[in-house]
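The structure appears below as structure tokens.
The values are calculated or read from the model by the stated rules, or taken from the named source; none is laboratory data. These figures come from a predicted structure and were not determined experimentally. No Cβ is skipped: glycine too gets one built from the backbone with ideal geometry, and neighbour counts run over all protein chains shown.
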Amino acid sequence: MKHCVAVSMRLLISILICLAAIVYHQRLNILPYLSSKNIITTTTSTPQATTNTTMPAAQSTFKGLPVIPPNDPSLTATTTTPRAIRKVFEAIDQAEGAGARVRRSVGTRELKNFTPFLMLDHFTIAPGAGFPDHPHRGQETITYLLSGAVDHEDFAGNAGTIYAGDLQFMTAGRGIVHAEMPAQNPDGSANIGMQLWVDLPAHLKDCEPRYRDLRGSEIPVANSPDKKVNVKVISGRAYGVDSLQELAYTPVWLLDVTVQPGGTFDAPLPHKWNAFIYTLSGSIVLAGPQSSKTIPQYHNAVLEQSGDSIVASVPASAEKESRFILVAGMPLDQPIVQYGPFVQTSTEGIYKAMADYQGYANGFERAENWESEIGKTMVH
């Protein structure tokens with residue numbers, strides 16, 4: 001009897017090993033198909049990405065990398081050279097989520113995985129639309145609301161509402177499930193804002209998730225000497241005014257700039273950081289080291305890494321002011337492998353993220369039987 005049991009156990013183990021081998025083989029075979037269909041996207045390097053300085057290990061107490069790089073040669077230079085324009089393209093309107101519309105500029109064929117940036121959406125969420133319960137792993141999201149109000153709720157117990165001028169910083173880390181749903185505005189108008197996805201350094205992708213609101217009243221404001229330029233210094237520096245610190249792990253500058261006719265925005269950018277601007281309204285003239293270019297509304301202008309500053313003006317003959325978002329970030333010297341809301345540095349990491357999410361493990365334990373209150377109805 002014992003012999004029969006032993007034989008049966010060996011047979012069972014052999015079968016399990018064979019099944020595991022088959023599954024692993026199928027995973028290897030399906031990867032090229034997923035990549036070819038852009039279901040899983042892989043970027044081994046990004047043009048002009050630079051190697052980071054040594055970064056501190058993840059800590060239980062939140063501490064991001066310096067958003068104002070110390071001793072940065074571009075920030076301390078007495079004379080600066082404007083950055084040249086690499087490319088300019090329009091952000092095309094498209095459907096996203098449950099009934100929402102977005103103008104996506106980063107995360108498209110025009111500009112994919114522009115380290116550390118993964119995606120930039122200029123979104124419009126009408127009543128009855130939204131982004132119900134969904135997961136993230138391995139990145140940070142920054143949501144900036146331009147009009148209306150949006151509710152947030154996640155399985156870590158964070159919940160709140162941001163209004164026009166407010167921001168939400170969320171670090172997904174090892175895993176989070178949340179919902180983002182629009183408020184029902186009294187006049188029935190849509191909720192409009194920007195959402196930026198930022199990659200996390202490889203050694204911080206397993207950090208604990210984190211969430212915080214940044215109220216518009218907390219954001220310092222800077223002005224040019226002639227008062228024709230107004231800057232909301234969300235993250236970074238402008239005209240000698242520094243933002244709040246410790247907003248996110250990955251250092252990112254985010255400036256909301258309004259330029260009156262006849263005004264010129266002139267500001268240094270951190271050395272070799274990747275940067276771009278997105279025009280919200282009106283048009284601006286970007287000055288390069290050799291030529292200038294007009295950037296119309298809803299266009300993304302990607303800047304070269306060489307150079308020290310950005311110079312953007314609005315002609316005195318313009319009929320109205322122009323507004324744009326300036327975004328800059330420290331490049332991460334690491335591969336980017338992305339499957340929807342999961343961002344890792346290897347395909348194995350993506351497979352693990354999907355398995356963990358489906359199995360409620362390794363960061364997704366709290367997702368089991370969890371359902372947000374705000375996601376239960378598309379209008380509230």
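Quick notes on this structure:
- Pairs linking a residue in segment 267-292 that is at positive phi and touching a residue at least 12 places away in the same chain (Cβ under 8 Å) to a residue that is part of a strand (DSSP E or B) and surrounded by 22 or more Cβ atoms within 10 Å (Cβ to Cβ), with Cβ atoms under 8 Å and 6 or more positions apart or on different chains, are GLY282/SER322.
- Taken residue by residue, segment 299-321 has no member that is more than 25 Å from THR81 (Cα to Cα), free of Cβ contacts under 8 Å to residues at least 60 places away in the same chain and under 23 Å from the mean Cα position of the chain (by Cα).
- 1 or more residues charged (D, E, K, R), out of contact with any helix residue (DSSP H, G or I) (no Cβ under 7 Å at 6 or more places or on another chain) and touching a residue at least 24 places away in the same chain (Cβ under 8 Å): qualifying strands (runs of 3 or more DSSP E) within segment 163-239: 176-182, 191-199, 210-214, 229-235
- Residues that are surrounded by fewer than 19 Cβ atoms within 10 Å (Cβ to Cβ) and either aromatic (Phe, Trp, Tyr) or out of contact with any Ser or Thr (no Cβ under 6 Å at 6 or more places or on another chain) (or both) within segment 241-270 comprise VAL241, ASP242, LEU244, GLN245, GLU246, GLN260, PRO261, GLY262, ASP266, listed in sequence order.
- All positions within segment 154-171 that are among the aliphatic types (A, V, I, L, M), in contact with a Leu (Cβ under 8 Å, 6 or more places away or on another chain) and crowded, with 22+ Cβ neighbours inside 10 Å: ILE162, LEU167
- Meets criteria (over 30 Å from VAL177 (Cα atoms) and either touching a strand residue (DSSP E or B) at 6+ places or on another chain (Cβ under 7 Å) or of a type in the set (Gly, Ala, Ser) (or both)) for LEU326: no
- Residue in segment 214-247 that is farthest from SER309 (Cα to Cα), counting only those that are touching a Leu at 6+ places or on another chain (Cβ under 9 Å) and modelled with pLDDT under 95: LEU247
- Some residue of segment 80-90 being in a strand (DSSP E or B) and either within 19 Å of THR171 (Cβ to Cβ) or modelled with pLDDT under 90 (or both): no
- Subset tally (residues that are modelled with pLDDT under 95, surrounded by 24 or more Cβ atoms within 10 Å (Cβ to Cβ) and in a loop (DSSP other than H, G, I, E, B)) for segment 104-152: 0
- Positions within segment 172-225 being of a type in the set (Ser, Thr, Tyr) and within 28 Å of ASN300 (Cβ to Cβ), in sequence order: SER189, TYR211, SER224
- Per-region count, segment 224-240, residues over 17 Å from the mean Cα position of the chain (by Cα), of a type outside the set (Lys, Arg) and surrounded by 14 or more Cβ atoms within 10 Å (Cβ to Cβ): 7
- Filter result (among the aromatic types (Phe, Trp, Tyr) and within 16 Å of ASP121 (Cα to Cα)) within segment 132-182: TYR144, PHE169
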